[in-house]
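The values are calculated or read from the model by the stated rules, or taken from the named source; none is laboratory data. Just so it is clear, the model here is predicted, and its values are computed rather than measured. Every residue, glycine among them, receives a Cβ derived from its backbone with ideal geometry; neighbour counts consider all protein chains shown. Areas reflect the complete protein model, heavy atoms only, side chains present, ligands, DNA and RNA absent. Shrake-Rupley method; radii C 1.70, N 1.55, O 1.52, S 1.80 Å.
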Amino acid sequence: GAGVSQSPRYKVAKRGQDVALRCDPISGHVSLFWYQQALGQGPEFLTYFQNEAQLDKSGLPSDRFFAERPEGSVSTLKIQRTQQEDSAVYLCASSGHGGAIYEQYFGPGTRLTVT
Amino acid sequence: DQQVKQNSPSLSVQEGRISILNCDYTNSMFDYFLWYKKYPAEGPTFLISISSIKDKNEDGRFTVFLNKSAKHLSLHIVPSQPGDSAVYFCAARADDSWGKFQFGAGTQVVVTP
């Protein structure tokens, strides 16, 4: 596709609900990243995939957060039993370079509000 | 533990003048640095990068300077244009953590006519 797309763009969840956020990276991009951005802050690294392999998940804040990329293209970030502190914009980025990562292309983000 | 810091939350500059954005870091293992620009309701857009083996990289109106001894980098925009009004983030990666980029909190730049 022309760029990284994310869906939904906005999600409102009641506390305790499970949510799934989708990322469609640029076609052919090997690397995919998830970030969480709180209001007024920079993006915080969550996890990184190279193809279908999740190489780094050190940024996932708890075991309620789970990410997958089963076929090395589309990725889903799942948050179980959402809490109010999960409210943030979730950004996905992809990069064409495996190994050393350079320019990342970001999607528009999914704004999650937990009520 | 915030390892990348942008201590100026905002910057106002007149059109045509130079914008200088600063970024400090604490991790001496960082080997690659990037600057991103972000408009409201959009994802960040890559601007320019620099490897730790260099001290300067230039791309059109944008120049990034890296001072490793001071653990400081800066982005110069010359001349500033109204379309440069956005939030700017610096990001850094350690050589042992592949894809784990750490971002600063951002600097809001406003370019006035």
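Laid out as a table, the results:
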{"item": "From B:Phe33, B:Phe62, B:Phe46, residue being open to solvent by less than 10 Å² (accessible area, probe 1.4 Å) and among the hydrophobic types (A, V, I, L, M, F, W, C)", "result": "B:Phe33"}
{"item": "Pairs, first more than 8 Å from every other protein chain (Cβ to nearest Cβ) and farther than 19 Å from A:Ala53 by Cβ in the stretch A:31-43, second among the charged types (D, E, K, R) and in a strand (DSSP E or B), C-beta under 6 Å, six or more apart", "result": "A:Gln36/A:Glu44"}
{"item": "Wholly enclosed strands (runs of 3 or more DSSP E) of the stretch A:10-72 bearing at least 3 residues open to solvent by 70 Å² or more (accessible area, probe 1.4 Å)", "result": "A:10-13"}
{"item": "Single residue of the stretch B:78-97 satisfying the filter (under 21 Å from A:Pro43 (Cβ atoms) and away from chain A (no Cβ under 14 Å)) that is least open to solvent (accessible area, probe 1.4 Å)", "result": "B:Asp84"}
{"item": "Residues (closer than 14 Å to A:Gly42 by Cα and at the interface with chain A (Cβ under 10 Å from one of its Cβ atoms)) located in the stretch B:12-38", "result": "B:Leu34, B:Tyr36, B:Lys38"}
{"item": "The one condition in (1) more than 11 Å from every other protein chain (Cβ to nearest Cβ); (2) surrounded by 17 or more Cβ atoms within 10 Å (Cβ to Cβ); (3) farther than 18 Å from B:Ser85 by Cβ; (4) of a type in the set (A, V, I, L, M) that B:Ile53 fails to fulfil", "result": "(2)"}
{"item": "Which numbered condition B:Ser19 misses (of (1) in contact with a Leu (Cβ under 8 Å, 6 or more places away or on another chain); (2) under 29 Å from A:Ser5 (Cα atoms); (3) buried (at least 20 other Cβ atoms within 10 Å of the Cβ))", "result": "(2)"}
{"item": "Looking only at the stretch B:98-113, and only at residues there that are within 14 Å of chain A (Cβ to nearest Cβ) and part of a strand (DSSP E or B), the one that is surrounded by the most Cβ atoms within 10 Å (Cβ to Cβ)", "result": "B:Phe101"}
{"item": "Residues that are in a loop (DSSP other than H, G, I, E, B) and under 15 Å from B:His76 (Cα atoms), drawn from the stretch B:14-57", "result": "B:Glu15, B:Gly16, B:Arg17, B:Ile18, B:Asp55"}
{"item": "Index of the failed condition, A:Gly107 passing every other in (1) under 20 Å from A:Ala2 (Cα atoms); (2) at the interface with another protein chain (Cβ under 8 Å from one of its Cβ atoms); (3) at pLDDT 90 or above; (4) in contact with a Phe, Trp or Tyr (Cβ under 8 Å, 6 or more places away or on another chain)", "result": "(4)"}
{"item": "Single residue of A:Ser27, A:Ser5 found to be farther than 21 Å from A:Val114 by Cβ and at pLDDT 95 or above", "result": "A:Ser5"}
{"item": "Count of the stretch B:1-13 residues which are closer than 23 Å to B:Pro79 by Cβ and in a strand (DSSP E or B)", "result": "4"}
